[in-house]
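The values are calculated or read from the model by the stated rules, or taken from the named source; none is laboratory data. Worth saying up front: this structure is predicted, and the values here are computed from it rather than measured. As a convention, Cβ positions derive from the backbone with ideal geometry for all residues, glycine included, and neighbour counts pool all protein chains shown. Keep in mind that these areas ignore ligands, DNA and RNA; they rest on the heavy atoms of the full protein, side chains included. Shrake-Rupley method; radii C 1.70, N 1.55, O 1.52, S 1.80 Å.
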2 protein chains.
Amino acid sequence: MNEGVEWALHSCLNLAWIGGERAVTAARLAAYHDLPAAYLNKQLQALVRAGVLGSVSGPKGGFRLARPLDRITLMDVVAAIEGPEEAFRCTEIRAQGPGAAPNSLTPAVECAIAGAMGRAELAWRRELAARTLDDVRRQAERQAPDAPDRIRRWFAPT
Amino acid sequence: MNEGVEWALHSCLNLAWIGGERAVTAARLAAYHDLPAAYLNKQLQALVRAGVLGSVSGPKGGFRLARPLDRITLMDVVAAIEGPEEAFRCTEIRAQGPGAAPNSLTPAVECAIAGAMGRAELAWRRELAARTLDDVRRQAERQAPDAPDRIRRWFAPT
């Protein structure tokens, strides 16, 4: 999985702690965790396309959450960064070469391997979809109660 | 996910249908599904290192199952090809830059994001570990009852 997923998740949490209405630039979000700004910007743009973030133009522009954390799931962020494709991509090799099944032109019959791999992936997606970023924020605040204040101070407008 | 996972899974099933004791070369297994032999050979070697396949040297050499399909799980094959790393790799960006938490030197406190992503991945691994290749074989035979015979004929020693 793309490391951009980790960056995107942290950035969403940081934006929530900074405060809902303020837009923050990719450069500033990147600096906070010492990340390459141009690459983080790419991830943030993907979150905008997925409707997770909004972007604001102008001198006070940047990124902010498009909706509250309790309406953003881990799945939303993973799908925004990784794309909608399944991790296991069946390329239908059973329909290639001498091994091609005579019924290979009836794609209605799903390959048993693809089916089994797909069910496992569904279990993963279900877990990701069941967990909101607000669940994660609460857990993070239990572990580091001073984090929100520290973040707000660092990002305070100068 | 590496397309080698699909190839490895099909090859294991094909080896079971061909028959337990016979060793088959990578070139022959590759030809059956029109796959690049050198690259399939790499995947098969990974399955040998993982103890899923055995390799036999000599003129009648090649690969064969190291144990019955009901003792090989989807997880065994995925781990052999993809490696043991989690798909989501936490790089601990929370410990980088000005955002570094003061307690960043106490790695005992797992990042809430890594924890949530890890739980989802665990659900995926559990599904993969709960499904044996024999479950998949039975499903495949229900869908294509003629497949085992077709495979045995094509791979019959000449």
TODO: Return the total of residues in segment B:1-25 being in contact (Cβ under 8 Å) with a residue 24 or more places away in the chain, assigned to a helix (DSSP H, G or I) and within 24 Å of B:Trp124 (Cα to Cα).
DONE: 8
Open item on the list: So, B:Gly97, is that one of a type in the set (Gly, Ala, Ser), modelled with pLDDT under 95 and in contact with an Asp or Glu (Cβ under 6 Å, 6 or more places away or on another chain) or not?
Closed with: yes
Task: Selection count where residues are open to solvent by 20 Å² or more (accessible area, probe 1.4 Å) and closer than 24 Å to A:Arg137 by Cα, scope segment A:57-79 - done: 11
Task: Selected residue (criterion: modelled with the lowest pLDDT) from residues of segment A:1-10 that are in contact with an Asp or Glu (Cβ under 9 Å, 6 or more places away or on another chain) and more than 9 Å from chain B (Cβ to nearest Cβ) - done: A:Asn2
Open item on the list: For segment B:141-158, give me each residue that is within 14 Å of B:Leu15 (Cα to Cα) and either out of contact with any Phe, Trp or Tyr (no Cβ under 6 Å at 6 or more places or on another chain) or more than 9 Å from chain A (Cβ to nearest Cβ) (or both).
Closed with: B:Ala147, B:Pro148, B:Asp149, B:Arg150, B:Arg152, B:Arg153, B:Trp154, B:Phe155, B:Ala156, B:Pro157
Open item on the list: Let me spell it out: the conditions are (1) open to solvent by less than 40 Å² (accessible area, probe 1.4 Å); (2) more than 8 Å from every other protein chain (Cβ to nearest Cβ), and A:Glu85 meets all of them except one. Which number is the exception?
Closed with: (1)
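Could you list, in sequence order, all residues of segment A:111-126 that are without any contact (Cβ under 8 Å) to a residue 40 or more places away in the chain and of a type outside the set (A, V, I, L, M, F, W, C)?
A:Gly115, A:Gly118, A:Arg119, A:Glu121, A:Arg126
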Task: Segments classed as helices (runs of 4 or more DSSP H), wholly inside segment B:63-157, with at least 2 members that are under 29 Å from A:Ala123 (Cα atoms), within 20 Å of the chain's Cα centre (by Cα) and of a type in the set (D, E, K, R) - done: B:74-82, B:112-130, B:133-143
Task: Considering residues of segment A:26-56 that are part of a loop (DSSP other than H, G, I, E, B) and open to solvent by 60 Å² or more (accessible area, probe 1.4 Å) only, the residue nearest to B:Gly115 (Cα to Cα) - done: A:Asp34
Task: Candidates A:Ala114, A:Ala23, filtered to the one that is facing chain B (nearest Cβ under 9 Å) and open to solvent by less than 50 Å² (accessible area, probe 1.4 Å) - done: A:Ala114
TODO: Could you list, in sequence order, all residues of segment A:11-20 that are within 11 Å of chain B (Cβ to nearest Cβ) and open to solvent by 20 Å² or more (accessible area, probe 1.4 Å)?
DONE: A:Trp17
